[in-house]
Amino acid sequence: MPKAYWISAYHAVHDENKLAAYAKLALPAVTEAGGKFIARNMAAKAYEAGVLQRTVIVEFESLEKAIACHDSPAYQAALEALGDGVTRDLRVVEGV
């Protein structure tokens with residue numbers, strides 16, 4: 001069974017306090033669901049239509065676990081704390 005990844009690109013941070021509140025709840029929610037943070041930083045370089053922005057990649061053992069983590073009550077509480085604090089793009093991608 002292939003692994004799966006959350007790939008999150010932060011287009012804008014509107015409220016650092018909301019982002020901090022989200023991070024405080026999201027980190028344990030993700031790690032307890034089996035997620036492993038692979039990257040969590042500003043892009044070092046962008047090519048083609050890429051943008052230098054904060055990017056987070058989280059690895060899960062399966063697509064099912066990645067989706068279950070996102071839909072879990074613990075992660076939903078983190079999203080509620082985040083609210084409109086950021087504009088981001090979160091994708092769930094199955095590995096090859």
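The values are calculated or read from the model by the stated rules, or taken from the named source; none is laboratory data. Since the model is a prediction, treat every value here as computed from it, not as a measurement. Here the Cβ positions follow ideal geometry from the backbone for every residue, glycine too, while neighbour counts run over all protein chains shown. Quick note on the areas: whole protein, heavy atoms, side chains included, nothing else; ligands and nucleic acids left out. Shrake-Rupley method; radii C 1.70, N 1.55, O 1.52, S 1.80 Å.
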Being assigned to a helix (DSSP H, G or I), aliphatic (A, V, I, L, M) and in contact with a helix residue (DSSP H, G or I) (Cβ under 6 Å, 6 or more places away or on another chain) is true for just one of Ala66, Ala21. Which residue is that? Ala21
Just wondering, is there one or more residues in segment 32-54 that are of a type in the set (Ser, Thr, Tyr) and under 14 Å from the mean Cα position of the chain (by Cα)? no
Tell me which residues, restricted to segment 27-56, are among the hydrophobic types (A, V, I, L, M, F, W, C), open to solvent by 50 Å² or more (accessible area, probe 1.4 Å) and either under 14 Å from Gly95 (Cα atoms) or assigned to a loop (DSSP other than H, G, I, E, B) (or both). Ile38, Ala44, Ala49, Val51, Leu52
Quick check on segment 80-92. Is at least one of its residues in contact with a Pro (Cβ under 7 Å, 6 or more places away or on another chain), open to solvent by 50 Å² or more (accessible area, probe 1.4 Å), touching a residue at least 24 places away in the same chain (Cβ under 8 Å) and closer than 25 Å to Met1 by Cβ? no
Over segment 47-84, the set of residues modelled with pLDDT under 95 and more than 20 Å from Glu16 (Cβ to Cβ) is Ala49, Gly50
Which members of segment 2-18 meet the condition of being assigned to a helix (DSSP H, G or I) and closer than 22 Å to Ser72 by Cα? Lys18
Return yes when Ala29 is out of contact with any Leu (no Cβ under 9 Å at 6 or more places or on another chain) and modelled with pLDDT under 95 and no when it is not. no
